[in-house]
1. Out of (1) part of a loop (DSSP other than H, G, I, E, B); (2) closer than 30 Å to E380 by Cβ; (3) not hydrophobic (A, V, I, L, M, F, W, C), what's the single condition that is false for G235?
2. Within the group L340, L344, L383, which residue is touching a residue at least 24 places away in the same chain (Cβ under 8 Å), farther than 21 Å from D88 by Cα and hydrophobic (A, V, I, L, M, F, W, C)?
3. Can you report the number of residues in the stretch 97-130 which are crowded, with 21+ Cβ neighbours inside 10 Å and not aliphatic (A, V, I, L, M)?
4. Provide a single number: the residues in the stretch 1-26 that are among the hydrophobic types (A, V, I, L, M, F, W, C) and either in contact with a strand residue (DSSP E or B) (Cβ under 6 Å, 6 or more places away or on another chain) or not in a helix (DSSP H, G or I) (or both).
5. Residue under question is C343, and the condition is that it be of a type in the set (A, V, I, L, M, F, W, C) and either in contact with a Ser or Thr (Cβ under 7 Å, 6 or more places away or on another chain) or farther than 30 Å from W173 by Cβ (or both); does it hold?
6. With the requirement that a residue be buried (at least 18 other Cβ atoms within 10 Å of the Cβ) and part of a loop (DSSP other than H, G, I, E, B), what does the stretch 337-351 give you?
7. Anything in the stretch 136-175 that is small (G, A, S), within 22 Å of R297 (Cα to Cα) and touching a strand residue (DSSP E or B) at 6+ places or on another chain (Cβ under 6 Å)? List them, or say none.
8. Please go through the stretch 1-59 and pick out each residue that is free of Cβ contacts under 8 Å to residues at least 60 places away in the same chain and hydroxyl-bearing (S, T, Y).
Amino acid sequence: MTTREIGVVMNGVTGRMGYNQHLVRSILAIRAQGGVTLSDGSRVVPEPILVGRSEHKLRVIADRHGLTRWTTDLDTALSDPKAPIYFDAQATQVRGKAVLSAIAAGKHIYCEKPVADTFTGAMELARAARDAGVKNGVVMDKVYLPGLRKLRRLVDGGFFGRILSIRGEFGYWVFEGDWQPAQRPSWNYRVQDGGGITLDMFCHWNYVLEEIAGRVEAVYARAVTHIPRRWDEEGNPYDATADDASYAIFELTGGVIAQINSSWCVRVHRDELVEFQVDGTEGSAVAGLRECRIQHRGGTPKAVWNPDLPVTERFRDQWQPVPNNAEFDNGFKAEWEEFLRHCLDDAPFKYDFLAAARGVQLAELGLKSSNEGRRIVVPEVAL
């Protein structure tokens, strides 16, 4: 069995997601396990080439992990013929130019979402990748989480019968930054810097809903800025111009109705930071990041509304946990392995730039719905 190294240009690894999820828990973890096995039995080990704006930060990260290849010059990294893959985890607004440069250099492209901050920009990248003949993919990590994988297993097994509705709750309280530091970067709350929870999360909800029940055909949303003033990383106050909460109804193929609340201004009273309840004619399920619980039609208690008597049983105790039945790896790492096999072994990979563009389209139309106060039909997207 042969083993070979390939270079992976990684831009934006000094940021939280780029460093934690993609460099440490994905690429370095794949290296530690000896690489990825291809269909011919050979193994490929990714060699990261770190790219960023801060020489100091890159050097610190490289020294910490024993890496030798890093640069502040993207063109230099893209000129390496032994590095066929480019990864981008920069801020959304600066991603497009770098991705186009990587496409021009003939690299296969994998990047964080949103792939762009406008639908037009997302389609431009999708068409450029198609015309150049390079493989492309976008991080769609939620469907790789154990809870969502269990939910997908239920869908594939016909557990729900006909799916009727989906209810989603996502979010947590992000501190304003004055008396406690905020858990999210300040640019998230400035629309001029590409911030906003609608743009961020609707790109997720689009592929999650597609995975569970089908294409989003219409949207009605209300995006708001609940907290108009926050404090940045240096303790300076600033005006929060981006939406920090978004409440939406999505109409899916086949008449399924989905309702999802997304908020950075909500205190958590649920088992996980995100939960989806799927109700069908034959059964229901509630899935979070890791757990999934079900209630089948035959085991559904007969609830009776009587406000004059106290509740005698906890409703959550009436649900049955779905077993793991498999070992679930880190979702980001699992998707990285799929993309590497896609690039090097021509294995299938469905989360391409066109799929990402559908998410950006949904976010854009969600904001339009909020601004105009009306239901918006979501057109089908094609290259």
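1. (2)
2. Criteria check complete, one pass: L383.
3. Number satisfying all stated conditions: 8.
4. Counting residues in the stretch 1-26 that are among the hydrophobic types (A, V, I, L, M, F, W, C) and either in contact with a strand residue (DSSP E or B) (Cβ under 6 Å, 6 or more places away or on another chain) or not in a helix (DSSP H, G or I) (or both) gives 6.
5. Against the criterion (of a type in the set (A, V, I, L, M, F, W, C) and either in contact with a Ser or Thr (Cβ under 7 Å, 6 or more places away or on another chain) or farther than 30 Å from W173 by Cβ (or both)), C343 qualifies.
6. F349, Y351
7. Hits for the stretch 136-175 are G147, G161, S165, G168.
8. T2, T3, T14, Y19, T37, S42, S54
The values are calculated or read from the model by the stated rules, or taken from the named source; none is laboratory data. Keep in mind that this is a model prediction, so the values were computed, not measured. Here the Cβ is made from the backbone with ideal geometry for all residues, glycine too, and neighbour counts use every protein chain on show.
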